[in-house]
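Single-structure report; data block below.
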Amino acid sequence: MHVVGNKLNIKSTVVKNICCIGAGYVGGPTMAVIAKHCPEIQVNVVDLNKNRINSWNDINLNNLPIFEPGLDLIIKEVRGKNLHFSTDVKDSVIQADLIFIAVNTPTKSKGIGAGQASDLRWIEGCVREISEYAQGHTIVVEKSTLPVRTAEVIEKILNTKSKNDDKTFSILSNPEFLSEGTAIDDLENPNRVLIGGEDELAIKTLYDIYAKWVNKEKIICTNIWSSELSKLTANAFLAQRISSINAISALCEKTGADINEVTNAVGKDERIGEKFLKSGPGFGGSCFKKDILNLVYLCNYFNLPEVADYWMNIINLNHWQQKRISKLIIEKLFGTVTGKKIAILGFSFKANTNDTRESPAIQICKDLLDEGAKLAIHDPRVSQKNIEFELGIKSKNIDESDSRIKGDSLTQEIYFYWCENIKDSVNGADAVVILTEWNEYKNLKPNLFNTNMRKPAWIFDCRDVLNNFQVDKNTINYWRVGKG
Ligand code: NAD
Ligand code: UGA
């Protein structure tokens with residue numbers, strides 16, 4: 001039936017109970033928005049991770065496991081009414097008419113396809129649970145990002161089991177396009193909702209849920225494989241724009257062109273568009289790299305090596321951008337950063353999220369640590385523990401009475417300083433490296449740098465965020481991505 005949604009005029013099944021397996025960055029916000037717009041449906045979000053579920057149920061909304069602007073207000077409105085978080089997968093699956101699968105699908109680290117293919121063990125795990133516990137007819141919806149034709153695997157597992165019972169399943173693909181940091185707005189006002197499937201009744205049932213708040217013209221229905229491939233393609237195209245503009249940023253720095261002027265001039269062509277052309281330290285986040293690697297794996301699998309190479313270069317360029325920034329920092333600081341204090345402002349992969357997965361800050365910090373730098377890291381939302389996890393080293397708190405780092409330049413121990421405020425991070429530093437475009441950093445006053453840094457000092461504004469920035473040019477050097 002692959003028609004645009006507003007032509008669907010069959011009657012859908014009434015959904016009274018939804019289960020979402022996976023209470024992460026997608027499952028949590030997406031179900032909160034569905035619960036808000038569908039008060040007649042009970043929505044149960046389940047996860048194996050007890051700590052995560054406890055945080056979702058925490059009375060203090062500051063302790064929710066993920067930070068997303070606007071999420072706390074929705075949770076306050078619907079939690080305990082028709083939105084529930086628990087670890088009881090079995091019971092929630094038994095009750096559900098419709099199940100979203102929103103579990104993690106990282107890149108495989110071992111075995112066939114390691115380093116490229118998606119690791120589907122979590123998908124398989126929950127599909128087996130669904131096949132065990134579901135009752136009657138259940139619509140199973142792929143919300144996680146999956147390789148093309150995964151629905152076939154899901155169907156095989158579900159239908160093998162159901163042959164012996166009276167249970168039946170319909171499988172749909174409904175990839176999520178939200179971006180972290182703007183997840184609630186993206187879910188409330190999506191530019192499209194994509195539903196892929198073969199069973200018209202199941203499609204109409206999911207369609208009717210979204211139609212409660214999404215304009216029907218924006219709900220696209222396709223076949224299941226187009227839906228799965230569209231998700232990978234969308235992420236690959238977005239990432240491609242960032243690698244393209246970052247490649248040009250390096251050329252700007254060599255030639256004296258200004259990256260902002262170039263993006264403005266280029267983006268004004270409507271065929272190109274202005275969005276997603278901001279040069280920076282490279283893309284991060286849990287999905288772009290993994291989804292492109294997945295696409296590369298699929299292309300090789302289907303014997304299209306040229307196509308695989310084409311997409312692989314988007315990732316190679318991204319890695320190169322990060323390496324070129326850390327190399328440039330070392331070169332500018334007279335070729336050595338050993339024992340020097342370097343303030344790192346921002347560790348999340350973008351502003352307005354506490355997510356650090358694949359953040360460009362990880363590679364850049366590791367490179368500087370390898371060269372012996374003493375990093376003083378600040379981030380308004382990322383926890384000290386999370387940075388320790390990502391860098392694989394311990395941290396120390398900066399001595400509050402004197403935040404300068406003294407006399408430890410020759411120690412062998414590798415650690416970083418965790419700074420609760422920006423001033424502690426910048427105080428006595430030889431360089432400041434801005435890696436995330438947090439609002440907190442945009443209006444920093446030149447005086448913070450002029451009076452507190454060790455001179456001659458460098459500011460590396462890798463996101464070009466500092467507004468109208470006037471530093472003392474005799475003592476402070478100012479580098480901006482794409483401007484030099
Ligand atoms: P996440 O790691 O934040 O959350 C996944 C959760 O699933 C974890 O809490 C994990 O404990 C749980 N889980 C795994 N197996 C389980 C099982 N058998 N039973 C119960 N719980 C289980 O991941 P995420 O960022 O929410 O991403 C989920 C999927 O959505 C991925 O496929 C990702 O590619 C896709 N996606 C993510 C985003 C994003 O912005 N993060 C956007 C669009 C799509
Ligand atoms: C991205 C997509 O934008 C979502 O549509 C998709 O659903 C999601 O991946 C996913 O599948 O996980 P997300 O990774 O949350 O969302 O955030 P983006 O806003 O896309 O940013 C990704 C990275 O690109 C960040 O590191 C960001 O700083 C960088 N970026 C983005 C730039 O360097 N320049 C830009 O112009 C835009």
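The values are calculated or read from the model by the stated rules, or taken from the named source; none is laboratory data. The structure presented is a predicted model; accordingly, all values stated were derived computationally and were not measured. Cβ atoms come from the backbone with ideal geometry, glycine included; neighbour counts cover every protein chain shown. All accessible areas refer to the heavy atoms of the entire protein, side chains included, with ligands and DNA or RNA removed. Shrake-Rupley method; radii C 1.70, N 1.55, O 1.52, S 1.80 Å.
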Response to the item:
Against the 2.2 N^0.38 Å rule of thumb, the C-alpha Rg of segment 41-139 sits at a ratio of 1.25
Worksheet, complete the sentence: Gyration tensor on Cα atoms of segment 332-403, a ≥ b ≥ c root eigenvalues, a/c under 1.5 rounded, else prolate if a/b beats b/c, else oblate, says oblate
Practice prompt. Please pull out the direction-averaged projected area of segment 318-480, using the convex hull of its alpha-carbon atoms, in nm² to one decimal place.
Written response: 8.6 nm²
Item to complete: With N denoting the number of residues in segment 108-237, provide Rg(C-alpha) divided by 2.2 N^0.38 Å, to two decimal places.
Response: 1.12
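Take the cross-link list K143/K366; K167/K290; K278/K394; K76/K204; K290/K442; K50/K76 and give me the ones stretching past 26 Å between alpha-carbons.
K143/K366; K167/K290; K278/K394; K76/K204; K290/K442
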Worksheet, complete the sentence: Expressed as a percent, the accessible surface of segment 260-347 that is carbon or sulfur, using a 1.4 Å probe and the full set of protein chains, is 58 percent
Discussion item. Taking the full set of protein chains and a 1.4 angstrom probe, give the accessible area of E358 in square angstrom, rounded to the nearest 10.
Written reply: 90 Å²
Worksheet item: To the nearest 10 Å², what's H378's accessible area with a 1.4 Å probe?
Response: 10 Å²
Worksheet entry | Hits among aspartates and glutamates - C-alpha to C-alpha of K216 under 18 Å, sequence gap 8 or more where chains match | E176, D185, D186, E188, E200, D208
Worksheet item: Just how much of D258 is accessible, in Å², when a 1.4 Å probe is used and the result is rounded to the nearest 10?
Response: 40 Å²
Worksheet, complete the sentence: Largest-first ranking of V26, V45 by accessible area, probe 1.4 Å, whole protein assembly kept, is V26, V45
Worksheet item: Cα-Cα over 18 Å: which of K385/K445; K254/K455; K108/K327; K16/K212?
Response: K385/K445; K254/K455; K108/K327
Response to the item:
Non-local residues with an amide H under 5 Å from the amide H of Y417, with H modelled 1.01 Å from N and Pro and chain starts lacking one, are L375, A376, I377, K396
Worksheet entry | CD proxy at 222 nm, helix term only [per DSSP H run n ≥ 4: -39500 (n - 2.57); per residue of the chain; nearest 500] | -12500 deg cm²/dmol
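Nothing charged except the Cβ atoms of Lys and Arg (+1) and of Asp and Glu (-1): what's the magnitude of the dipole of the chain about its Cα centre? Round to the nearest 20 debye.
Rounded to the nearest 20 debye, it is 600 debye.
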Worksheet item: Given a 1.4 Å probe and every protein chain left where it sits, what share in percent of the accessible area of segment 148-203 is carbon and sulfur?
Response: 45 percent
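Between rounded, prolate and oblate, where does the chain land on the alpha carbon gyration tensor, with a ≥ b ≥ c its root eigenvalues, rounded for a/c under 1.5, else prolate if a/b exceeds b/c?
The shape class here is prolate.
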Practice prompt. Go through W225, W438 and list them by solvent-accessible area, largest first, probe radius 1.4 Å.
Written response: W225, W438
Worksheet item: Per 10 Å bin, what percent of the C-alpha pairs of segment 285-339 does each bin hold, from zero upward?
Response: 22, 34, 21, 17, 6, 0
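With a 1.4 Å probe and every protein chain left in place, work out the accessible area per residue of segment 300-379 in Å², rounded to a whole number.
41 Å²
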Worksheet item: What is the set of long-range amide H partners of F169 at a cut-off below 5 Å, with H atoms built 1.01 Å from backbone N?
Response: T138
Worksheet entry | Global size of segment 5-222 as Cα Rg and Dmax, reported in angstrom | 16.6, 47
Practice prompt. Taking H placed 1.01 Å from N in the peptide plane, check which residues at least 5 places from F100 or on another chain put their amide H under 5 Å from its amide H.
Written response: C19, C20, I21, V141
